Amino acid sequence: MTDFPKPSVQAFLVCDQVIEDSLTKKKSLIGIFTHLQAMTFPFQHQHMGLYFCLTDAEGTYHFDIDLVHLNNEQLVCRATLPDITITDRLQISDFGINIPSLIFPVPGRYEFRLNMEGRLIAQKDFNVMQISSPLASESPTP
């Protein structure tokens with residue numbers, strides 16, 4: 001097994017959607033967030049995007065992304081990305097991934113973990129909070 005250079009992670013962000021311009025390959029991150037709100041659980045979030053940017057990488061890499069519920073260290077889901085080949089160690093490489101649907105079983109703190117060749121190289125946490133219905137909080141005064 002070849003020992004590849006460990007990439008330097010310049011950014012790892014969670015958002016609602018990553019859009020890539022077909023001509024320039026520039027990425028737009030829509031709705032960067034640090035928390036989600038839901039009235040009921042399990043909660044299905046329809047669209048979620050992940051963006052990460054690497055440098056100091058050369059070779060073909062295998063990446064997995066884990067979503068972990070930090071309150072109990074439970075793995076919620078894992079996504080395996082197609083192998084990524086980076087030819088120049090000085091190159092800055094950025095990647096946008098859109099996840100069509102994620103289910104959060106309970107409120108709490110969650111974390112995406114970016115693993116390269118089975119080793120953790122970046123992590124990003126966020127809160128999923130339960131809120132009451134806006135109508136429920138508007139109780140009539142006697």
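A short reminder: the numbers here are calculations on the coordinates, not readings from a lab. Keep in mind it's a predicted model, so treat the numbers as computed, not measured. For neighbour counting, all protein chains shown are included, and Cβ atoms are generated from backbone atoms with ideal geometry for every residue, glycine included.
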Using only alpha carbon pairs under 8 Å that are at least six residues apart, calculate the relative contact order of the chain and give it in whole percent. 29 percent
Residue farthest toward the positive end of the dipole of the stretch 8-130, with Cβ of Lys/Arg at +1 and Asp/Glu at -1: which of Ile32, Phe63, Gly49? Ile32
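When the Kirkwood radius is taken over all Cα pairs of the chain, what Stokes-Einstein diffusion coefficient follows at 37 °C and 0.692 mPa s, in µm²/s? Present the calculation step by step, with values, prior to reporting the outcome.
Values: Rh = 16.8 Å.
Estimated via Stokes-Einstein, D reaches 195 µm²/s.
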Most fluctuating residue of Phe95, Phe52, Phe41 in a GNM of the chain with Cα springs under 10 Å: which is it? Phe41
Quote the Stokes-Einstein diffusion coefficient, in whole µm² s⁻¹, for the stretch 30-101, based on the Kirkwood radius over alpha carbon pairs, a temperature of 25 °C and a viscosity of 0.890 mPa s. 167 µm²/s
Can you sort Leu102, Leu120, Leu81, Leu50 so the residue with the fewest Cβ neighbours within 10 Å comes first? Leu120, Leu81, Leu102, Leu50
Which of Gly96, Gly108, Gly59 moves most in a GNM of the chain, Cα contacts under 10 Å? Gly59
Report, in debye and to the nearest 20, how large the dipole of the chain comes out about its Cα centre when Lys and Arg carry +1 and Asp and Glu carry -1 on their Cβ. 160 debye
